[in-house]
Amino acid sequence: MNDIINIDKKYVASTYNRFPIEIISGKGSIARDSDGKEYIDMGCGIGVTSFGISDEIWKDAVISQLNKVQHMSNLYYTEPCAKLAEELCIRSGMKKIFFSNSGAEANECAIKAARKYSSDKYDNTRNIIVTLKNSFHGRTLTTLAATGQDCFHKLYTPLTPGFISIDAENTDEIDTLKKRNDIAAIMIECIQGEGGVNTLSHEYIKKIEQYAYDYDVILIVDEVQTGNGRCGALYSYMNYGITPDIVSTAKGLGGGLPLGATLLGDKVKNIFSYGDNGSTFGGNPVSCAGALSIIKRIDEKLLKDVNKKGKYIKDEFSKSKCVESVSGMGLMIGIKPKGDAKKIVGKCLGNGILCLTAKDKIRLLPALNIDFDILKKAVNIIIKCIEEE
Ligand SMILES: *Cc1c(COP(=O)(O)O)cnc(C)c1O
């Protein structure tokens, strides 16, 4: 075992069960470890490096901003923050952006905006946030409360009050909500990522949108993982033809630097005034400059390609007798193998592929611009690992 692994084990809090390799460099969809072994990166740091490792265009944007100013307090204006906000609003139809540093923080802001809308317009007892079972919304105490999975809750009670979770795809539960007068917001992922790459149905999501509209409940779509081109649209809700009131995003937005964004729609666009929310690092000019370069590259042509590659992956895995099901959209794919997903992912690592799990599935989140030949190679190796397990 190399030095770095020993130092890390000794000094870094043991919250991550890391694989025993040290990644030192890479290019595009190829990562390299300290022994010089190469891997095809089918995880992108959990959907973060949207255009791969050490991507030239993203690096140019980041370095050119680094050479100007690396950080400024939010007491002053900076160009990348303003330009990124403008681009996100033009492309999504949302009206205002609050920037933070992570998905959890983007969701915290979404929850704050929804609660403030509800208490401003009604009263502060109308404060419940509804989420779905199996969802994942982050690791802060409030976003853990929002996360509809008991396994995340028990260590850290009491969590923030005011959250309930309902079964996804059960429209009776939505009808039950209609009888309550204390609901401020409903928060969903259109494709649940950590929960197992579960794609919600068109009908169900439309039903949620209708309920939210009819009852003046704020509809929050968590696009932390699904957003920024990952699911074959700029944001996954666009595949469903719905209009959320709030969209949160992070992961792939910054392309590898920390950045969260909460997109505020018409209803809540003026919900915050001076001092109502804030973040020291939020809207960092280097992160925003990189993100702007990424959002600008996510055009119709790229998205078509993302969908084509996603379809290829789905078709290939569906052919295998050792695969029970394939789920997801665009380049966010879940594969349910007959064998044990964690073991298979370990085996893939040994065979030069970095990939992820999500519950009992293998999860793939390759770079949006992954080279087709590299993708084919990775798919063939993963299928072999599944069939040998
Ligand atoms: C990863 C994730 C989060 C949390 O993001 P962090 O940047 O780790 O705080 C929230 N929601 C979803 C859907 C995610 O996939």
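Quick check on T160: is it polar (S, T, N, Q), open to solvent by 10 Å² or more (accessible area, probe 1.4 Å) and within 11 Å of the ligand (Cβ to nearest atom)? Spell out the reasoning first.
On the way: polar (S, T, N, Q): yes; open to solvent by 10 Å² or more (accessible area, probe 1.4 Å): yes; within 11 Å of the ligand (Cβ to nearest atom): no.
Criteria not met by T160.
Only one of the listed residues (K251, K207) is free of Cβ contacts under 8 Å to residues at least 40 places away in the same chain and touching a helix residue (DSSP H, G or I) at 6+ places or on another chain (Cβ under 6 Å). That residue is K207.
Are there strands (runs of 3 or more DSSP E) fully within the stretch 312-386 with at least 1 residues that are modelled with pLDDT under 95? List them. Even if it seems obvious, please write down each step before you answer.
Values: elements: 323-329, 332-337, 356-358, 361-364.
Ranges flagged: none.
Report yes if K207 is open to solvent by 50 Å² or more (accessible area, probe 1.4 Å), within 25 Å of A82 (Cβ to Cβ) and more than 16 Å from the ligand (Cβ to nearest atom), otherwise no. No, not satisfied.
Can you confirm whether V306 is modelled with pLDDT of 95 or more, under 20 Å from Y235 (Cβ atoms) and not in a loop (DSSP other than H, G, I, E, B)?
Details: modelled with pLDDT of 95 or more: yes; under 20 Å from Y235 (Cβ atoms): yes; not in a loop (DSSP other than H, G, I, E, B): yes.
The answer is yes for V306.
As a summary of the residue check, S287 satisfies the conditions (1) buried (at least 18 other Cβ atoms within 10 Å of the Cβ); (2) hydroxyl-bearing (S, T, Y); (3) part of a loop (DSSP other than H, G, I, E, B) except for the one numbered (3).
Within the stretch 189-203, the residues that satisfy the criterion of being within 14 Å of S236 (Cα to Cα), more than 10 Å from the ligand (Cβ to nearest atom) and not in a loop (DSSP other than H, G, I, E, B) are N198, T199, H202.
Only residues that are under 20 Å from the mean Cα position of the chain (by Cα), of a type in the set (V, I, T) and either farther than 20 Å from D182 by Cβ or away from the ligand (no atom under 15 Å from the Cβ) (or both) were counted in the stretch 101-148, giving 4. Inspection of the stretch 278-288 identifies at least one residue that is touching a Pro at 6+ places or on another chain (Cβ under 8 Å) and of a type in the set (V, I, T).
Among T199, T226, T249, T280, which is the only one that is under 17 Å from the mean Cα position of the chain (by Cα) and open to solvent by 10 Å² or more (accessible area, probe 1.4 Å)? Talk me through it step by step, then tell me what you get.
Numbers: T226 fails: open to solvent by 10 Å² or more (accessible area, probe 1.4 Å); T249 fails: open to solvent by 10 Å² or more (accessible area, probe 1.4 Å); T280 fails: under 17 Å from the mean Cα position of the chain (by Cα).
Only one candidate passes the filter, namely T199.
The values are calculated or read from the model by the stated rules, or taken from the named source; none is laboratory data. Given the structure is predicted, the values throughout are model-derived calculations rather than measurements. Cβ: placed from backbone, ideal geometry, glycine included. Neighbour counts: every protein chain shown. Just the protein is used for accessible areas: all its heavy atoms, side chains included, with ligands, DNA and RNA removed. Shrake-Rupley method; radii C 1.70, N 1.55, O 1.52, S 1.80 Å.
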